[in-house]
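As structure tokens, the structure follows; a few thoughts come after it.
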Amino acid sequence: MPRTFTLLLLLLGGCTAPARQPAGPIVVVDDAADTVRLAAPARRIVSLSPATTELLFAIGAGDRVVGRTRWCDYPAEALAVPSVGDGLPPNTEAVLAQAPDLVLVYRSPQNAAALARFRAAGIAALELTIDHLADVPRLARLLGPAVGTAPRADSVAAAFESELAAAARRSAELPDSGRPRVLLLAWDQPPIAIGAGSFQSEILTLAGGRNLFADLAAPSAPVSIEAIAARRPDLVLVGDTGAPGFARRPEWQVVGAVAEGRFVRLGSAAFSRPSPRALATVEQLRNALAAAPR
């Protein structure tokens, strides 16, 4: 994680003075444009997305999280929170069993029925879209008043934005000729490539790479192995220490980077979600790109 952001979080973590609680009802407009009201800052929160769980801990509301998905594995303290299973769609009975006063759901048609059930039970529920790096500070500021940690949330958001701008300036200084063309795969059978609409493409760009399928506006889309081969990637991003399984299949040998083992490895789970750790992931990926075979 960039040093200034890390130091700021450490300083914030040492603050012990309680935040002033807003008087009267709290009004939040979520990403579906629904107006949600809370009588007081939430004390029992169920978070149904790893990104929002991580964000809650970052803004100082981790002690109020009483339910998480099985994929919410950061920070380590989150693992002590009871799991309610999957988050898309969620197990509504498991969520209700935690007696929450606030539920955070990812905005998706798959969550519509659960959202209606929570609201019918009188529970405040927010639909949140967290697909891009800019969503991290935006949602920090949105959630801060709802969970009673607005000052810390504002500080985390400002620090993230400052570091994000610095990373963008550094990236802009790199010539296109020095940027490797990198294949980002969401799935390999059938191949699904990450497009420009994903935060993962943003991270790659900030780290000094070029997304092989940056012309795809969607977060991801099916592609053919032949299309991948025709674009001649310099590198293929993988998340483990060994060669990926698809690299041993005959049909993939037409892709030069696969046949020649030109992989860039990034073991960080932070690459799988937009979170306050994204800027640390940019640094890790920048180093990995520099060390990768060409």
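The values are calculated or read from the model by the stated rules, or taken from the named source; none is laboratory data. The model shown is predicted, which means the values in this text are computed figures rather than measured ones. All Cβ positions, even for glycine, are placed from backbone atoms using ideal geometry, and neighbour counts span all protein chains on display.
Summary table below
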read-out: Breaking point among (1) surrounded by 23 or more Cβ atoms within 10 Å (Cβ to Cβ); (2) part of a helix (DSSP H, G or I), for Ser155; value: (1)
read-out: Top-ranked residue in segment 61-76 [being over 15 Å from Ser275 (Cβ atoms) and outside any strand (DSSP E or B); ranked as nearest to the chain's Cα centre (by Cα)]; value: Arg70
read-out: Ala51 more than 18 Å from Leu133 (Cα to Cα), surrounded by 15 or more Cβ atoms within 10 Å (Cβ to Cβ), modelled with pLDDT of 50 or more and in contact with a strand residue (DSSP E or B) (Cβ under 9 Å, 6 or more places away or on another chain); value: no
read-out: Test for Gly178: is it of a type outside the set (Asp, Glu) and surrounded by 15 or more Cβ atoms within 10 Å (Cβ to Cβ); value: no
read-out: Every pair of residues 6+ apart whose Cβ atoms lie under 8 Å, when the first sits in segment 38-55 and is within 13 Å of Val105 (Cα to Cα) while the second is aromatic (Phe, Trp, Tyr); value: Leu48/Tyr106; Ser49/Tyr106; Pro50/Trp71; Pro50/Tyr74; Thr52/Tyr106; Thr53/Tyr74
read-out: Thr129 vs. criteria of a type in the set (Ser, Thr, Tyr) and buried (at least 19 other Cβ atoms within 10 Å of the Cβ); value: no
read-out: Residues (at pLDDT 95 or above, over 22 Å from Thr149 (Cα atoms) and of a type in the set (Asp, Glu)) located in segment 74-112; value: Glu93
read-out: Test: Ser268 is free of Cβ contacts under 8 Å to residues at least 60 places away in the same chain, closer than 30 Å to Ile59 by Cα and among the hydroxyl-bearing types (Ser, Thr, Tyr); value: yes
read-out: Selection status of Leu133, aliphatic (A, V, I, L, M), under 17 Å from the mean Cα position of the chain (by Cα) and either in a helix (DSSP H, G or I) or not assigned by TED's automatic domain parsing to the domain that holds Asp31 (or both); value: no
read-out: Segment 77-118, residues that are surrounded by fewer than 18 Cβ atoms within 10 Å (Cβ to Cβ) and assigned to a strand (DSSP E or B); value: Ser83
read-out: Odd one out for Leu126, checked against (1) in a helix (DSSP H, G or I); (2) within 25 Å of Ala40 (Cα to Cα); (3) not hydroxyl-bearing (Ser, Thr, Tyr); value: (1)
